[in-house]
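Asks: Got a structure for you, written out below as structure tokens; questions coming shortly.
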Amino acid sequence: MKTWLAQHGRCFGTTFVKLARTPLGSVFNIIVIGIALSLPVGLYVVIDNLQAASGQLSAEPQISAYMALDASRAETAQIENRLKQSPRVQRFRLVPRDQALQELKQSSGLADVIDSLPQNPLPDAFVISAKNNTPQALEALRDEIAQWPRVVHAQLDAAWARRLDATLRFGRLVVLILGGLLALALVAVTFNTIRLQVLTQRDEVEVIKLIGATDAFIRRPFLYYGALQGAAGGIVAWLIVSGGIWVVNHNLGELSHVYASLFQLKQLTPGDAGALLLLPLALGWFGAWLSVGRHLSLIEP
Amino acid sequence: MWTEVFPAFFLDPRSSLLNPMISLSHVFKRYPGGRQALNDIGFTIETGELAFITGHSGAGKSTLLKLLVGIERPTSGSIIVNGQNVGTLQARAVPFLRRKFGLIFQDHKLLFDRSAFGNVALPLEISGYGAKDGARRVRAALDKVGLLKYEKAMPITLSGGEQQRLCIARAIVHRPAILLADEPTGNLDADYATEIGELFRSFNQVGVTVIVATHDQALLTQLKPRVIALRNGALAEAA
């Protein structure tokens, strides 16, 4: 056990030296791996943040029902009564046409234009929350309300949120595919690096095979190299993504100030960072293992 | 000094003087393509013997050495090294067979990316020696071949004779029971060759089985070993 540890420790040391001895080649390899990894990770961060933001925007879907422009107070009150009695309605809010006009005036900065209108163009409206929020139940409720007398139009406000949700789910799929492809690329890059190393160290491999080295002993430094290179690529990817998030947040500060909403990208969690270190490490190890197994058997003294 | 480097041999229970170190019987080797390299070879080398395998190039010397260390397998026949049948050895057992040998090559096969010390330490690294105990052994081996003062030198800066002696130091550092040399003096001047011959004699005197494949007549007259002569893949005479 002690000799095993000592051998591994020594091997780790010499591998590190080997990486450091060819700094330019190693650095470029590591940068390639880092950039390749940072693409899906960056996209993942953006999608994750958008999802969180969309969750804040529409916690629950609502139905908006608009009365006819010439509907009377009594007719509006009748609909109000119906909503109160409906077992499928959780709660609702009446937005009278005058109040809606006032709100529009205040929020849009179009006060002058609105003042110049001959009459109020807005109808009375109800904002309704359903008891059952499944898409089918919501659509059924919307269709029912739309048929009530003097209701001109009823619409489901959750539609855009659902569209966003579907888009985000698609984005996640893209991240997965991209991640898978780039993981494959990492394995391929490592495979090739190790292939070149095995070939340039052909004589050395031959000699140590002759003097009694086991295959495990010969394989070990190459596996360490692949794993170390992968992990270093993971660290580079982490730096790229973290730096990117920092830069974006710095600039979003101004943007969100203008829009008076606080939208900030969240940094990677320690768990994410750990995965970003271990996954490339494992992939690098795997690529090296494939390559070394393939190429060592070709070298026989 | 020298007995200190080699006590492992005396402690190995299998290397008793009663059992032959190497024993071949009816060994044939035919390479793919049909060339018959070895034809019914049979001989025995006792523990602690000094034996030369001679013959012209193409006589089968190299093939014989390759069979002994498991680089090639015999087509038929049995090769017993230190109680193990090399011909039927599993691939994963071959490295451990090779650790019983100290191999000396005509072209040295040194690694040029590490120092003399690093080259000699290689067999100990492979068999998992502690760095401290290992360093002591490496220096003892370097001292034995007279290269202790060059332990930090890179092999490329050493002369041909020094490189050959470095190769010998690497072969003996792990105290093998058998020293196997392939044309050890092939590229050397007569003076250097005599030095190498004396080294072989001293190893043999402390009980190491020494086998040298060579056609160097000077080395033969110097050491007066037992001679196993090969001619066209067959035994010419068994002395």
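Asks: Along the positive direction of the dipole of segment A:145-219 (beta-carbon charges: Lys, Arg +1; Asp, Glu -1; about the Cα centre), which of A:Leu199, A:Val174, A:Ala216 reaches farthest?
Replies: Result: A:Val174.
Asks: Let me ask another. Considering every residue in B:119-127, what mean count of other chain Cβ atoms within 10 Å of its Cβ is obtained?
Replies: Average neighbour count from other chains, rounded to a whole number: 4.
Asks: Follow-up. Could you tell me which residue out of B:Val81, B:Leu148, B:Leu65 lies farthest along the dipole of chain B toward its positive end? Charges go on the beta carbon: Lys and Arg +1, Asp and Glu -1, centred on the Cα centre.
Replies: B:Val81
Asks: Mean separation of Cα pairs under 8 Å and 6+ residues apart, divided by the residue count of chain A: what relative contact order is that in percent?
Replies: Relative contact order of chain A: 29 percent.
Asks: Students often check this: by mean Cβ neighbours within 10 Å, which of B:26-37, A:187-198 ranks highest, and how do the rest follow?
Replies: A:187-198, B:26-37
Asks: I would also like to ask the following. Could you compute the net charge surrounding A:Arg82? Neighbours are other residues with a C-beta less than 13 Å from the C-beta of A:Arg82; K and R count +1, D and E count -1.
Replies: Summing Lys/Arg as +1 and Asp/Glu as -1 gives 0.
Asks: Rounded, prolate or oblate: which fits segment A:30-145 when a ≥ b ≥ c are the square roots of the eigenvalues of the alpha-carbon gyration tensor, with rounded for a/c under 1.5 and prolate only if a/b beats b/c?
Replies: oblate
Asks: How large is the charge dipole for segment A:63-156, taken about the Cα centre, if only the Cβ atoms of Lys, Arg (+1) and Asp, Glu (-1) carry charge, to the nearest 20 debye?
Replies: 460 debye
Asks: Can I ask one more? If packing is taken as the mean number of other Cβ atoms within 10 Å per residue, what is the order of B:61-72, A:288-299, highest first?
Replies: The densest-packed peptide leads the list: B:61-72, A:288-299.
Asks: So, one more: Can you give the relative contact order of segment A:63-156 as a percent, counting alpha carbon pairs under 8 Å and 6+ residues apart?
Replies: Reported relative contact order: 50 percent.
Asks: Here is a further query. How well do other chains shield peptide A:120-133, expressed as the mean number of their Cβ atoms within 10 Å of each residue Cβ?
Replies: 0
Asks: Shifting gears a bit: Pairs of Cα atoms under 8 Å, at least six residues apart: use those to get the relative contact order of chain B, whole percent.
Replies: It comes to 28 percent, rounded to a whole number.
Asks: I need the shape label for the protein assembly as shown. Rule: rounded when a/c is under 1.5, else prolate if a/b > b/c, else oblate, with a, b, c from the alpha carbon gyration tensor.
Replies: prolate
Asks: Answer rounded, prolate or oblate for segment B:86-238, using the Cα gyration tensor with square roots of eigenvalues a ≥ b ≥ c: rounded when a/c is under 1.5, else prolate when a/b is larger than b/c, else oblate.
Replies: In terms of gyration-tensor shape, oblate.
Asks: Go through B:Val206, A:Gly243, A:Asn132 and say which Cα lies farthest out towards the positive end of the charge dipole of the protein assembly as shown; charges sit on Cβ, +1 for Lys and Arg, -1 for Asp and Glu.
Replies: Value computed over the given set: B:Val206.
Asks: Could you rank the peptides A:226-238, A:273-285, B:222-234 by their average count of other C-beta atoms within 10 Å per residue, with the highest value first?
Replies: Ranking, from highest mean packing down: A:226-238, A:273-285, B:222-234.
Asks: Which whole number gives the average count of other chain Cβ atoms within 10 Å of the Cβ atoms across peptide A:210-223?
Replies: For peptide A:210-223, the averaged partner shielding equals 5.
Asks: For the pairs B:Lys61/B:Lys100; A:Lys209/B:Lys149; B:Lys61/B:Lys109, flag any whose C-alpha to C-alpha distance is greater than 25 Å.
Replies: Listed pairs above 25 Å: A:Lys209/B:Lys149.
Asks: Ok, one more. By how many nm would the segment from A:Ala188 to A:Ser116 grow when fully extended, if each residue of separation counts as 0.36 nm and the alpha-carbon distance is taken off?
Replies: 19.0 nm
Asks: Then there's this: Treat every Asp and Glu Cβ in the protein assembly as shown as -1 and every Lys and Arg Cβ as +1, leave all other atoms uncharged, and give the resulting dipole magnitude about the Cα centre to the nearest 20 debye.
Replies: 1240 debye
None of the figures in this text is laboratory data; all of them are computed from the coordinates on show. Nothing here was measured: the structure is a model prediction, and the numbers come from that model. We place every Cβ from the backbone using ideal geometry, glycine too, and count neighbours over all the protein chains shown.
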